[in-house]
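First comes the structure, then the notes that go with it.
The values are calculated or read from the model by the stated rules, or taken from the named source; none is laboratory data. Keep in mind the model is a prediction, meaning the values are calculated, not measured. Here the Cβ positions follow ideal geometry from the backbone for every residue, glycine too, while neighbour counts run over all protein chains shown.
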Amino acid sequence: MMIRLSLSAAALSVVLALPAAAQATQPPAKKAEAGQADHAKMHAEHMKQMQGGAKANAWQELDAYHGLMMATWHPAKDKNDLAPTRGMIGNMVTSAKAVAASKAPTACQKPELAKAQAGLVGETEKVQKLVDAKADDAALKAAMKGLHDAFEVLEEGCNTGMKH
């Protein structure tokens, strides 16, 4: 009897949760849906590249930074949406410091890449200073472009298989 009551209570909680779950699965507005589809497509392509094209000596710290770069640069570049940059810049600085402190894979140990690796922290901190100063979106987007360009020196020069 107690088990039946327990199951009955569990069934009741499932039934009561259904309206909330149903609301959560309602289709989003078309604009948000298109943005989610774009992001999902970009993420799927990135995962495909990482599975098929990444070198065995992948650079985990740079890969982590790449994830943050994708989450901030693409909204800024494609939609003039700087909110992700403003919200994630602290994590980007921390991640840039991890890249700078890490040992690059053998294929990436070149003087120009070592310089780019060390400089990533300063470039990321430049963006953080603008965020802290509540700079306007145009200035922040320009700084993000500079940061993205600095990041690409490592991404392309190291040939880790990352593309975005």
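If you go through the range 60-113 and pick out every residue that is of a type in the set (Phe, Trp, Tyr) and farther than 18 Å from Leu130 by Cα, you end up with 1.
Looking at this structure, is Thr72 in contact with a helix residue (DSSP H, G or I) (Cβ under 6 Å, 6 or more places away or on another chain), of a type outside the set (A, V, I, L, M) and over 15 Å from Glu155 (Cα atoms)? Step through it out loud before you land on a result.
Details: in contact with a helix residue (DSSP H, G or I) (Cβ under 6 Å, 6 or more places away or on another chain): yes; of a type outside the set (A, V, I, L, M): yes; over 15 Å from Glu155 (Cα atoms): yes.
In short, yes.
Taken together, the criteria place Met69 among residues that are of a type outside the set (Phe, Trp, Tyr), in contact with a His (Cβ under 8 Å, 6 or more places away or on another chain) and at negative phi. Among the residues of the range 108-156, those identified as in a loop (DSSP other than H, G, I, E, B), at pLDDT 95 or above, surrounded by fewer than 14 Cβ atoms within 10 Å (Cβ to Cβ) and at negative phi are Ala133, Asp136.
Among the basic types (Lys, Arg), without any contact (Cβ under 8 Å) to a residue 24 or more places away in the chain and more than 19 Å from Ala58 (Cβ to Cβ), is that true of Lys129? Give the steps one after another, and end with the answer.
Numbers: among the basic types (Lys, Arg): yes; without any contact (Cβ under 8 Å) to a residue 24 or more places away in the chain: yes; more than 19 Å from Ala58 (Cβ to Cβ): yes.
Yes; evaluated as a whole, the condition is true for this residue.
Of the residues making up the range 89-96, one or more are modelled with pLDDT of 50 or more, touching a Gly at 6+ places or on another chain (Cβ under 9 Å) and either crowded, with 17+ Cβ neighbours inside 10 Å or closer than 22 Å to Ala143 by Cβ (or both).
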